[in-house]
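Right, one structure below, let's go through it.
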Amino acid sequence: MAIDLTYDPVVREWIERTRTFTREHVLPIEDKFLGDVTAAGGDDLRRELQAAAKDAAVFAPHAPREYGGGGLSMSDRAPVFEEAGYSLFGPIATNIGAPDEGNVHLLAHVASPAQKEQFLAPLARGDVRSAFAMTEPAPGAGSDPSALTTTATRTDGGWRIDGHKWFITGADGAGFFIVMARTSGTPGDRGGATMFLVPADTAGITVGRHISTLDRAMIGGHCEVTFDRVVVPEDNVLGAVDEGFTYAQVRLGPARMTHVMRWLGAARRGHDVAVAHVAHREGFGSRLGDLGMVQKMIADNEIDIAATRALLVTACHALDRGDPASNETSIAKTFAAEAIFRIVDRGVQMCGGLGVSDDLPLARLSREVRPFRVYDGPSEVHRWAIAKRAVGAARRAAAKEQP
């Protein structure tokens, strides 16, 4: 079987344009504000950067072509998103940041034509931001989504949503929410969830405090959000009633991979900065880059970058074939989240005091990539799922061999 890992000319052009735009236009702004998107201007910065990205023809490479995007497949997105992720502000500029990128993907696959015009079209254009409201305070939905406690109850012509969400990325300033609510069953049941499209100005929505976290580059914060007797019409059900957990998989697998793409770009920048430093910094009678211990860190970084890309390519290929790719995405996400942190952490170590200072970007990169081992499923949960599938496959194989 022939395996072609080259990209066609259209994708190569996307890669080159995105690399140039990110490094020449976006990186100086990130460096000026030390990666803090709020200090850099928040939504005003987003609008400014996205206008520049449109002029540079690097805007929304993932969005459907009929909504002004590039229509790139998962496999073709990988190198483009990696180049945008070379700057922490790159995903904001090119409209591929979380949660909007994942919501574009979900809406493109599940929304009705009318819903696409109302919600997907302005999101793909960058006219609005969005948020995906699933996570709840304990004992509600978190790593175990079946613990969902937010409820949606039928009313005349629609639904009433009640619940408390938190760690909702991008909630402050979002134009609409995709809300996961329980429409049947009780917390702990594997089914019974429904997704709702809820405009942010709907009565009963309160965006509360910003939960302070390590990262500073995700626009709109990670917020608490309360839904108190929020009423939406029947037309705002996304997909079918009680099928929310099924649709969540449409979003979550690809979204995990696009996180890998973006943060691999950030890790690459950290590695590049560290290698440039040790290539010239002298100590102990030679340049640091000529010392064995430093060379081991450089080599281990190169290995982690290459291995992350290989697992990413495998998972994206499976997704492009239409497979659920649950195992492939879990493996890629778990390895990448840990490898990306290792890459940046080694860079910090190679640069010594400068590595933990604001004189280089490594300290802020370390701050940004560490949460990836928690976001989109902690590594421990993914390992549990991977092992569970392996044991299940072994038991099924043994059962087939029995007479």
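L120 meets all of the listed conditions (1) closer than 21 Å to R262 by Cα; (2) open to solvent by less than 20 Å² (accessible area, probe 1.4 Å) but one, namely (1).
Scanning segment 279-304 for residues that are hydroxyl-bearing (S, T, Y) and either part of a helix (DSSP H, G or I) or open to solvent by 50 Å² or more (accessible area, probe 1.4 Å) (or both) yields a count of 0.
Would you confirm, using the coordinates I've provided, whether T202 is more than 23 Å from P122 (Cα to Cα) and polar (S, T, N, Q)? Considered against the rule, which asks whether it is more than 23 Å from P122 (Cα to Cα) and polar (S, T, N, Q), T202 comes out as no. Kindly establish whether D242 is open to solvent by less than 30 Å² (accessible area, probe 1.4 Å) and part of a loop (DSSP other than H, G, I, E, B). Spelling it out, it is not the case that D242 is open to solvent by less than 30 Å² (accessible area, probe 1.4 Å) and part of a loop (DSSP other than H, G, I, E, B). For V207, state whether it is buried (at least 17 other Cβ atoms within 10 Å of the Cβ) and over 18 Å from E136 (Cβ atoms). Judged against the criteria, V207 is not a match. Where helices (runs of 4 or more DSSP H) fall wholly inside segment 29-124, the ranges with 3 or more residues that are among the charged types (D, E, K, R) and either in contact (Cβ under 8 Å) with a residue 24 or more places away in the chain or more than 21 Å from V250 (Cα to Cα) (or both) are 43-55, 74-84. Checking each residue in segment 282-311 for being touching a residue at least 60 places away in the same chain (Cβ under 8 Å) and among the charged types (D, E, K, R) picks out only R309. Among all residues of segment 212-229, there is none that is under 22 Å from the mean Cα position of the chain (by Cα), closer than 17 Å to M134 by Cα, open to solvent by 40 Å² or more (accessible area, probe 1.4 Å) and free of Cβ contacts under 8 Å to residues at least 40 places away in the same chain. Within segment 138-152, residues that are touching a residue at least 40 places away in the same chain (Cβ under 8 Å) and of a type outside the set (D, E, K, R) sit with their Cβ atoms under 7 Å from residues that are open to solvent by less than 10 Å² (accessible area, probe 1.4 Å) and assigned to a helix (DSSP H, G or I), at 6+ positions apart or across chains, in these pairs: P145/A248. Taking the criterion of being more than 20 Å from the chain's Cα centre (by Cα), open to solvent by 90 Å² or more (accessible area, probe 1.4 Å) and not small (G, A, S), the residues of segment 1-46 that qualify are M1, I3, D4, L5, T6, R12, E13, E16, E24, K32, D44.
For segment 148-204: of the residues being assigned to a strand (DSSP E or B) and charged (D, E, K, R), which is most open to solvent (accessible area, probe 1.4 Å)? Top of the filtered list is R154.
The values are calculated or read from the model by the stated rules, or taken from the named source; none is laboratory data. Just so we're clear, the structure is a prediction, and the values are computed from it rather than from any experiment. Neighbour counts run over all protein chains shown; Cβ positions are idealised from the backbone, glycine included. All accessible areas refer to the heavy atoms of the entire protein, side chains included, with ligands and DNA or RNA removed. Shrake-Rupley method; radii C 1.70, N 1.55, O 1.52, S 1.80 Å.
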